[in-house]
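Just below is one structure, and these are the notes that go with it.
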Amino acid sequence: MTSTALPGANPTEHSGAVGATAPDFGDARAEFQALLSGCGLYDLSWRAKIAVTGGDRVRWLNGMVTNNVRDLTPGHGVYAFLLNAQGRIQADLYAFQRGDSLLVDTERGQRDKILQLFDHYIIADDVEIADLSDKLTALGLTGPESRHVLERAAVAVPDLAHLQFAEVTWQQKTITLLRSGEEARESWQIWFAPENAGELWDALLKAGARPTGTAALNLFRISRGIPQFGEDIRERDLPQETGQTRALNFAKGCYLGQEIVERIRSRGAVHRQFTAFAVEGTLPEPGAKIVAGEKDEKEVGEITSSATLPLPGGDRTVALGYLRRQAAGKDLRAGTAKLKPESLPIA
């Protein structure tokens, strides 16, 4: 899927989208710092938007995903997983209640599979699915100065909770402002028609935002311990293993894969857990095995993401991955590096 490149961007592929997404705008280190202490502005055209309409849309989607769509009021959303019958994660997504429709937001790389699964499970339901990815795009802002940047750019910022959105008028155009991301106190998205991308991008830069590429965004999500689908969340993983309890609702009733999720909850634990690690030594590559003990070197987990974070107090090498519960408290290594479980957020 191709989109119009934003000023200063060197188009590359990211999460299934080719277009405006750039790995950096000349200084990934400074861009990461903007996300932590200023305002990083980034392209979100690699996110897909799918509209769900029809009289059965709420009941049907509520029966497809792990979170509670049924009780969403207009202007609110939830994060959720889409599972198979064996309880394995097939995709992750956000579902938003727009009144006359539900909007599913996911990565473009997951879009085709989600559309196929949706189509497969619409049987005798009054439900229609439409891909809006070429009609609705988004920009994101993260950092403590984000709200001020929006206001300086003449974007009215209503008082919104996390995953709450509202339509506002900007330059005589209707845009949607979403307060996004529980992982950051100040993180926002603006949804709008693609033809307005350049004008809005320029206005936010003039208001003090720093253009930010995917390299800095990846550093930020690792520092917050946010698993990435396709890297940290794979189709073999179970919901509770990922630690993303925000994606689960245990009082909503039946949905695809619920029996397995409920069985895990009733037993009280999973065998392994998504974990952040401080790394001493050479940065372990994704896929590296985690071993415990000096002698038997028993395999107890694997690395899924790793990075050296350029923090104000000095660089820190960290990793994300899965660790078996019985390995807690043991000496851990991945390759030649020593690992120590780390509390989040790291930055």
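Remarks
- One equal scatterer on each Cα of the stretch 118-184, no solvent, Debye formula: the resulting log10 I(q)/I(0) at q = 0.17, 0.19, 0.22, 0.28 Å⁻¹ is -0.76, -0.86, -1.01, -1.36.
- Figure note: Tyr94, Tyr121, Tyr42 ranked by solvent-accessible area, largest first, 1.4 Å probe, ligands and nucleic acids not counted: Tyr121, Tyr94, Tyr42.
- Measuring with a 1.4 angstrom probe and ignoring ligands and nucleic acids, Asp126 comes out at about 80 Å² accessible.
- For the listed residue pairs Lys49/Lys252; Lys173/Lys206; Lys135/Lys252; Lys289/Lys330, the alpha carbons are over 27 angstrom apart in Lys135/Lys252.
- Reach of Lys113 by Cα under 13 Å, taken over aspartates and glutamates that are not fewer than 8 positions away in the same chain: Asp92, Asp131, Glu235
- Ala216 sits among other residues whose Cβ lies under 14 Å from its own Cβ, and their net charge, with Lys and Arg +1 and Asp and Glu -1, is 0.
- Global form of the chain, assessed from the alpha-carbon gyration tensor, a/c cut-off 1.5: oblate
- Span-like helix ranges in the chain, DSSP H, alpha carbon extent 27 angstrom or more, Kyte mean at least 0.5: none
- Surrounding net charge for Arg147, when Lys and Arg each add one and Asp and Glu each subtract one, Cβ distance under 14 Å: -1
- In a reduced charge model with +1 at each Lys and Arg Cβ and -1 at each Asp and Glu Cβ, the chain shows a dipole moment near 900 debye about its Cα centre.
- Cα gyration tensor shape of the stretch 190-347, rounded if a/c is under 1.5, else prolate or oblate by comparing a/b with b/c: oblate
The values are calculated or read from the model by the stated rules, or taken from the named source; none is laboratory data. Because the structure is a prediction, the values reported are computed rather than measured. Please note: Cβ atoms are built from the backbone with ideal geometry, for glycine as well, and neighbour counts cover all protein chains shown. To get the accessible areas, we keep the full protein, side chains included, count just its heavy atoms, and leave off ligands, DNA and RNA. Shrake-Rupley method; radii C 1.70, N 1.55, O 1.52, S 1.80 Å.
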